[in-house]
Number of protein chains: 4
Amino acid sequence: MKVIIDLCVVPMGVGVSVGKYVAECQKVLQDAGLEYQVHAYGTNIEGDWDEVFAAVKRCHERVHAMGAPRITTSIKVGTRTDREQSMQDKIDSVTETLA
Amino acid sequence: MKVIIDLCVVPMGVGVSVGKYVAECQKVLQDAGLEYQVHAYGTNIEGDWDEVFAAVKRCHERVHAMGAPRITTSIKVGTRTDREQSMQDKIDSVTETLA
Amino acid sequence: MKVIIDLCVVPMGVGVSVGKYVAECQKVLQDAGLEYQVHAYGTNIEGDWDEVFAAVKRCHERVHAMGAPRITTSIKVGTRTDREQSMQDKIDSVTETLA
Amino acid sequence: MKVIIDLCVVPMGVGVSVGKYVAECQKVLQDAGLEYQVHAYGTNIEGDWDEVFAAVKRCHERVHAMGAPRITTSIKVGTRTDREQSMQDKIDSVTETLA
């Protein structure tokens with residue numbers, strides 16, 4: 001099953017600056033060979049369900065290993081059976097309607 | 001890794017009444033033997049990371065099989081390494097502070 | 001416009017124990033006279049759109065005033081024009097389907 | 001109070017294709033003169049708390065007016081008192097750590 005998710009990992013108990021933890025999660029996604037796109041409040045990721053969620057789990061493991069005692073993460077998860085749709089398709093669908 | 005999640009599955013393309021799809025997800029959680037608590041805008045689930053996310057995947061599969069062509073799901077995911085904490089502990093922590 | 005929201009306020013930069021900040025948000029909701037229900041990963045709130053979002057803003061103000069330098073909050077927001085529905089109606093709809 | 005939010009409006013009861021509703025929300029943000037950035041699973045918006053949330057409310061009103069009987073929206077809301085931070089600052093913080 002193909003999935004598009006939006007991932008926002010929030011480490012707690014490590015102060016207000018969490019950029020290095022988010023950067024580590026980018027490395028996890030790169031190592032996993034997943035397609036992803038960073039935005040100001042999370043990261044869009046596209047791929048096979050199992051591979052995507054394995055990467056999400058690894059993000060939690062890695063961020064804990066870096067010293068964060070607590071993590072709260074928000075995920076939006078989209079699947080569809082009617083047709084294939086990529087992250088870019090979703091953006092194009094809105095842009096074309098506006099044009 | 002132990003996890004507490006909050007799950008909200010939204011089937012699209014099946015009209016406004018989605019109670020039967022949400023009910024089907026409850027059955028998935030029951031069959032998985034997971035501890036869970038329904039609220040007005042989602043379901044709290046507690047358990048081992050892999051078992052919990054296997055159940056989330058099965059919810060998507062089941063809701064698609066029931067006829068929903070598209071699903072958008074919101075998940076909050078909490079893990080911590082500093083101490084054990086159950087769903088009830090989290091509620092108690094707030095209640096005791098208020099008392 | 002009537003709204004049902006699910007609110008999860010996460011103070012950052014104040015350590016791992018955030019129960020007292022969540023408790024303060026409960027007081028804000030009580031003072032606002034809003035109907036709400038706490039669960040393990042947030043709080044369901046029901047009421048008029050403007051009153052509910054005024055309370056959400058006050059939660060941010062209050063939590064910052066308590067010393068949290070950064071807050072990241074998740075909100076789910078439900079509105080409908082086809083019929084009235086309370087938080088309890090939503091839970092009943094699922095429970096009745098299961099019965 | 002300055003805020004950065006991530007907004008994802010999901011109209012229900014109008015089928016699987018929701019691009020035109022999302023496009024309408026972009027127009028609301030443009031008309032409000034707010035800074036925003038579309039991604040594949042939502043829209044980042046930056047501005048004064050009251051202006052941003054007035055726009056979110058208008059999105060719900062407009063999408064209902066277009067015929068959607070039910071809407072479920074996800075919002076992430078970030079505020080901080082320690083320093084100014086724009087949407088671009090957040091992305092730069094991660095990119096620089098990776099470099």
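The values are calculated or read from the model by the stated rules, or taken from the named source; none is laboratory data. Owing to the predicted nature of the structure, the values given are computational and were not obtained by experimental measurement. Ideal geometry is used to build each Cβ from the backbone, glycine not excepted, and the neighbour counts take in all protein chains shown. When the accessible area is computed, the model is the full protein with side chains, heavy atoms only, and any ligands, DNA or RNA have been set aside. Shrake-Rupley method; radii C 1.70, N 1.55, O 1.52, S 1.80 Å.
Between the stretch B:71-97 and the stretch A:1-38, the C-alpha centres lie 21 angstrom from each other. Per-residue mean of foreign Cβ neighbours for A:40-49 is 6 (Cβ atoms of other chains, 10 Å radius).
If you take all other residues with their beta carbon under 15 Å from the beta carbon of D:VAL63, and give Lys and Arg +1 and Asp and Glu -1, the sum is +3.
Binning the alpha carbon pair distances of the protein assembly as shown at 10 angstrom intervals from zero yields the distribution 5, 24, 37, 28, 7, 0, expressed in whole percent. The magnitude of the dipole of the protein assembly as shown, with charges of +1 and -1 set on the Cβ of Lys/Arg and Asp/Glu and taken from the Cα centre, is near 0 debye.
Isolated cysteines of chain A, defined as having no other cysteine beta carbon under 4.7 Å away, are A:CYS8. For the protein assembly as shown, the solvent-accessible area works out to 40 Å² per residue, with a probe of 1.4 Å and every protein chain left in place. Residue by residue along A:4-17, Cβ atoms of other protein chains within 10 Å of the local Cβ number 6 on average. Shown for chain C: the carbon plus sulfur share of the solvent-accessible area, taken with all protein chains present and a 1.4 angstrom probe, equals 46%. Other residues whose C-beta falls under 9 angstrom from the C-beta of B:CYS25 contribute a net charge of +2, scoring Lys and Arg +1 and Asp and Glu -1.
For a Förster distance of 22 Å, can you work out the FRET efficiency between the beta-carbons of B:THR95 and C:ASP31, rounded to the nearest 0.05? Efficiency, rounded to the nearest 0.05: 0.80. Solvent-accessible area lost on pairing C with D (1.4 Å probe, both sides summed) amounts to about 2100 Å². Phi angles of the stretch B:51-59 translate, via the Karplus equation with coefficients 6.51, -1.76, 1.60 and θ = phi - 60°, into HN-Hα couplings of 5, 5, 6, 4, 5, 4, 4, 5, 4 Hz per residue; Gly and Pro are given as x.
Residue farthest toward the positive end of the dipole of chain A, with Cβ of Lys/Arg at +1 and Asp/Glu at -1: which of A:SER86, A:SER74, A:VAL16? Checked the options; the winner is A:VAL16. Scanning chain D for the Cβ atom closest to the axis that brings D onto A yields residue and whole-Å distance D:HIS39, 2. Applied to the stretch C:12-17, the Karplus parametrisation 6.51 cos²θ - 1.76 cosθ + 1.60 on θ = phi - 60° returns per-residue 3J(HN,Hα) values of 10, x, 10, x, 8, 9 Hz, with x for Gly and Pro. Each 5 Å bin from zero up to the one holding the largest Cα-Cα distance in the stretch B:2-98 carries the following percent of pairs: 3, 12, 24, 23, 17, 10, 7, 4, 1, 0.
The mean number of partner chain beta-carbon atoms within 10 angstrom of a residue's beta-carbon across peptide B:29-39 is 2.
The 3J(HN,Hα) values that the Karplus relation (6.51, -1.76, 1.60; θ = phi - 60°) gives for the stretch B:32-46 are, in residue order, 7, x, 8, 7, 8, 9, 7, 10, 6, 9, x, 9, 7, 10, 10 Hz. Gly and Pro appear as x.
What you get for chain B, charging only the Cβ of Lys and Arg (+1) and of Asp and Glu (-1), is a dipole of about 520 debye around the Cα centre.
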